[in-house]
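Have a look at the structure below, then the notes.
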Amino acid sequence: MSEHTAPSVLRHTARSARNRRRRQELGFFQRHPHIFVHAALITGGFVMAFPFLWQLIVSLSTQAEVTNVPPSLWPEVLRWENYALVFDRVPFLRQFGVSAVVTIITVVGQIVFCSMAGFAFARMHFWGRGIIFAGILSILMVPTQAFLIPQFEIVQSLGLMNTVWGIAAPGVFSAFGTFLMRQAFLALPGEIEEAARLDGASPWQMFWRVMLPLTKPSLSALTIITVLFAWNSLLWPLVVTTEASRMPLAVSLATMQGQHGTEYPMLMAAALMAMAPVLVVFIVLQRRVVEGLAHSGLK
Amino acid sequence: MTAQTESASPAGVAGPAPADRPRRASARDGFWPWLFLAPLLIGMGAFYLWPVVQTFINTFMSIGPFGGGEFAGLANYRKLLSEPEFLRSVLNTIIYTAIVLLGVPIAIVISSLLNRPGLRFATLYRMLFFMPYVAMPTAIALVWRTIYNGDFGILNTFLAVFGLDGPHWISSPGYSLAALGAMGLWSALGFSLIILTAGLQNIPADLYEAAQLDGAGPWKQFISVTVPMLTPSIFLVVVVTSINAFQLFDLLFALMGTSNPAMKETQSMVFMFYEQGFIINDKGYASVIAIAIMVIVALFTLIQFRVQNKWVNYV
């Protein structure tokens, strides 16, 4: 403090001059220690973001602007009508609805079924607990193709082809979700359980009122993973939907590629609208999504 | 990470058991556990457990396009081994996986750059790098299809600036697999970054202080502190990324299209499964492919777990 008192003004300017000189001696890179880091990250970030940027540009161009050699890097007029064209080519709104409903069914189903089972495996005692849990875990090791044909036959024989129930059915039950929720319930302290039991809580109340609200981090991780999976997956919905108005967006895009594969602006507009909801949610909830994915360690 | 927690705490299987619990605790909760388990067990049994058995049975059947199969012995297995097409698809999948795994070292560097203390705009960078991972693969592949176009694609336009004449990436065999791999790497990078970033934040800061006192510069610190301490996360990333890469389907299907002449040379195991099972409708043969995929993925994962103690440091 004393150096800011009146007599020190001269000394002060002398010092700041000295500081300035020292800073110059430090050199450009010492004064900006992160300059190379930023250069590397900006270059990398551009490569990562470029396809999205290019998608946006193409979606607003005319067919000629895109297919010229070389293509024009920016459209002369922004053609928003390409987005309207998507709704002409395919029943996009219905497909969007199918994707949304399938995602909701899958998320709700997984949260309910996996957390109930996870609770039983973590907090209850019954015959065969270890064996049954090991059996469920072993399903994690099996790739989806090994289930797919019989699953298809079940859905077909139940008359659920081309329905949201058929698309959602297998995804509602998840070995991974059960594992995640079991871990969450295991981590809760036993005192909570004892206290609730002394208060005369039934097992259902114990689960629903006491324990489940305490597993929020795992529930949100499970929700995030399930939304990504349900909204984005292609193979299963491709197999169980044949009618355009019953398809989720991923199947619709894959089909459009075959039928309207050269209408690039329209196709890019459709692709952008199909992935927009998940991207927007991700950008808004970035921190939570990243925590959720890191928390689970798996997709 | 999950596998480690499992093996590290075998007691976890039994759950925390208070001391005053009676010895024969197994029946204490009566019918309640079964009520909690019923929906999941019925669903898992119907949609997973039984189907995997059924698939195995199907491998011995010859199933026509309209269902109704007859016993065919080992015919499907013989067909699998005699057709070079399947071997080719296995090879393609392995090459694709290898290319995607090249993203892991890149992710290690990027995540340690992103985690430098006091770095500005870190959130923005992180968002850019994570975005491809959450975007719908089918939609993304359509974008790359435009970028890769041999005549007017922006990639070849860019290469032309340097006087290079780019190939028709998607329709020429060989190039198509490389193009697919580059896209897969780009799309999987975000996952590696998420796991590695979480791993980096668990490295104690005093290790870096100690390294600094010993006169280690940033590069030396990266090589002798960051990478060794990160090996458990790197292992997880390698295992999960390769399991996901072995499932290559969405990106391939949407990038190439079913009528692409280069598809035969580029197709993955899963694509071949889909084509045999649902286009050609030979469900018996498709079942053999499914079982083969299962065995190959299991072998590959087993090898990775076997060699992990050669390079993974658990502290």
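The values are calculated or read from the model by the stated rules, or taken from the named source; none is laboratory data. From a predicted model like this one, the values you see are computed outputs, not experimental measurements. Glycine also receives a Cβ, built like all others from the backbone with ideal geometry; neighbour counts cover every protein chain displayed.
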- For residues that are more than 8 Å from every other protein chain (Cβ to nearest Cβ) and more than 17 Å from A:F173 (Cβ to Cβ), scanning just the range B:22-55, find the one that is modelled with the highest pLDDT. B:F31
- Query: What single numbered condition from (1) touching a residue at least 24 places away in the same chain (Cβ under 8 Å); (2) part of a helix (DSSP H, G or I) fails to hold for A:A254?
  - Reply: (1)
- Can you name every residue in the range A:202-245 that is surrounded by fewer than 17 Cβ atoms within 10 Å (Cβ to Cβ), outside any helix (DSSP H, G or I) and of a type outside the set (S, T, N, Q)? A:E243
- Query: Can you list the helices (runs of 4 or more DSSP H) found entirely within the range B:219-315 that contain at least 1 residues being of a type outside the set (D, E, K, R) and closer than 23 Å to B:F191 by Cα?
  - Reply: B:227-246, B:250-256, B:269-274, B:283-311
- Message: Looking only at the range A:134-144, filter to residues that are facing another protein chain (nearest Cβ under 7 Å) and part of a helix (DSSP H, G or I); which one of those is surrounded by the most Cβ atoms within 10 Å (Cβ to Cβ)?
- Response: A:I136
- Message: I want to confirm something. Restricting to the range B:96-120 and keeping residues that are surrounded by 15 or more Cβ atoms within 10 Å (Cβ to Cβ) and farther than 19 Å from B:L230 by Cα, which single residue is nearest to the other protein chains (Cβ to nearest Cβ)?
- Response: B:L119
- Can you find a residue in the range A:107-115 that is over 21 Å from B:Q247 (Cβ atoms), within 9 Å of chain B (Cβ to nearest Cβ) and not hydrophobic (A, V, I, L, M, F, W, C)? yes
- Query: If you check every pair at least six apart or on different chains, which have Cβ atoms under 6 Å apart with a residue in the range B:293-315 that is at pLDDT 90 or above first and a residue that is outside any helix (DSSP H, G or I) second?
  - Reply: B:I293/A:P143; B:M294/A:V142; B:M294/A:P143; B:V297/A:P143
- Output the qualifying pairs, or none if there are none: Cβ atoms under 7 angstrom, residues six or more apart or on different chains, first residue in the range A:273-299 and polar (S, T, N, Q), second residue at pLDDT 85 or above. A:Q286/B:M127; A:S296/A:L180; A:S296/A:A221; A:S296/A:I225
- Having 2 or more residues that are buried (at least 20 other Cβ atoms within 10 Å of the Cβ) and within 8 Å of chain B (Cβ to nearest Cβ) is the bar; report the helices (runs of 4 or more DSSP H) wholly within the range A:26-99 that clear it. A:35-59
- Task: Please work out which residue is surrounded by the fewest Cβ atoms within 10 Å (Cβ to Cβ), limiting yourself to the range B:191-227 and to residues that are under 15 Å from B:V109 (Cβ atoms) and small (G, A, S).
- Result: B:G199
- Task: Evaluate the range A:145-164: report whether one residue or more is more than 7 Å from chain B (Cβ to nearest Cβ) and over 30 Å from A:M247 (Cβ atoms).
- Result: no
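Yes or no, residue by residue, for (1) over 18 Å from B:P137 (Cα atoms); (2) buried (at least 22 other Cβ atoms within 10 Å of the Cβ); (3) at the interface with chain A (Cβ under 10 Å from one of its Cβ atoms):
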{"site": "B:P167", "(1), (2), (3)": "yes, no, no"}
{"site": "B:S171", "(1), (2), (3)": "yes, no, no"}
{"site": "B:S176", "(1), (2), (3)": "no, yes, no"}
{"site": "B:M229", "(1), (2), (3)": "yes, no, no"}
{"site": "B:V237", "(1), (2), (3)": "yes, yes, yes"}
{"site": "B:I243", "(1), (2), (3)": "no, no, yes"}
{"site": "B:G257", "(1), (2), (3)": "no, no, yes"}
